[in-house]
Structures are given as structure tokens and as C-alpha cells.
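Remarks on the structure that follows.
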Amino acid sequence: MAENISIENIPDPDEWTVTVELDDGSEMDCEPLTIFDVDMQNYIVLLPVDENGLPSEEQVYIYRYYEDEKGEPSLGNIESDEEYDKVSKRFDEIQDSL
């Protein structure tokens, strides 16, 4: 579970870097894979990238996704197993439709 999450906008608005600080204090850089809605809440799927900026396809991370009134993005943890099950099921459906 992440303790601290920051999103940096890069000059190209289609490219983001998301840095997640993990419980052990290490940081993980990710690129967003998709943002989707479940029960009127947005979620973001993050794909970790290595030190060369290449995505790892072994694991993804899913967080709640918010934008404030200024359009600044932020992330939050999924709080329950029930919520996570709904969200991961929806993500699987999205992947299957591609």
C-alpha cells in the first residue's frame, strides 16, 4: 500500500509520470495505463517503469483517481476488498474488450 503519491505533469500532456512511495520508503515510477469509472468513482491503473523508463508488464497498481477544482490530479488508496474486487473485475473487462 502506498504512503505517498505524487503526479507530475510532463510538457506533453499525454505523458505523465506517477511516483508512488511505498511503505518501505522506496519509490516506484509508473505510467498511467488507463482511467475508468466504477460506481461514479474514477480509478487509475499504473504500470511500473524501470530505470530506463520501460514499462514492466508483470504487475499493475490500481488507485482511486481524483481531480480538484483546478484540475490537479491526486490518488487515493482503495479501502476495502469489496471495492478492489469490483474495480479489478471492471479492469479485466476493459482488457478483454481490447
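Among the residues of the range 37-54, the ones that are loosely packed, with under 14 Cβ neighbours inside 10 Å and either touching an Asp or Glu at 6+ places or on another chain (Cβ under 6 Å) or of a type in the set (D, E, K, R) (or both) come to 4 in all. The set of residues in the range 58-78 that are farther than 14 Å from Asp37 by Cα and either touching a Leu at 6+ places or on another chain (Cβ under 7 Å) or not in a strand (DSSP E or B) (or both) comprises Glu58, Gln59, Val60, Tyr61, Asp68, Glu69, Lys70, Gly71, Glu72, Asn77. When you look at Pro48, is it at pLDDT below 80 and not charged (D, E, K, R), yes or no? Considered against the rule, which asks whether it is at pLDDT below 80 and not charged (D, E, K, R), Pro48 comes out as no. When the range 67-98 is limited to residues that are modelled with pLDDT under 90 and either of a type in the set (Ser, Thr, Tyr) or in contact with a Lys or Arg (Cβ under 8 Å, 6 or more places away or on another chain) (or both), the one that is farthest from Cys30 (Cα to Cα) turns out to be Ser97.
If you go through the range 27-36 one residue at a time, do you hit one that is out of contact with any Phe, Trp or Tyr (no Cβ under 8 Å at 6 or more places or on another chain), at pLDDT below 85, surrounded by fewer than 16 Cβ atoms within 10 Å (Cβ to Cβ) and at negative phi? For the range 27-36, residues out of contact with any Phe, Trp or Tyr (no Cβ under 8 Å at 6 or more places or on another chain), at pLDDT below 85, surrounded by fewer than 16 Cβ atoms within 10 Å (Cβ to Cβ) and at negative phi: absent. So in the range 55-66, with the set limited to residues that are without any contact (Cβ under 8 Å) to a residue 24 or more places away in the chain and either surrounded by 12 or more Cβ atoms within 10 Å (Cβ to Cβ) or among the hydrophobic types (A, V, I, L, M, F, W, C) (or both), which one is nearest to Met28 (Cα to Cα)? Once the filter is applied, the top-ranked residue is Ser56. Answer yes if at least one residue in the range 10-21 is part of a strand (DSSP E or B), in contact with a helix residue (DSSP H, G or I) (Cβ under 8 Å, 6 or more places away or on another chain), at pLDDT 85 or above and among the β-branched types (Val, Ile, Thr), and no otherwise. There is no residue in the range 10-21 that is part of a strand (DSSP E or B), in contact with a helix residue (DSSP H, G or I) (Cβ under 8 Å, 6 or more places away or on another chain), at pLDDT 85 or above and among the β-branched types (Val, Ile, Thr).
The values are calculated or read from the model by the stated rules, or taken from the named source; none is laboratory data. A quick note: this is a predicted structure, and the numbers were derived from the prediction, not measured. Neighbour counts run over all protein chains shown; Cβ positions are idealised from the backbone, glycine included.
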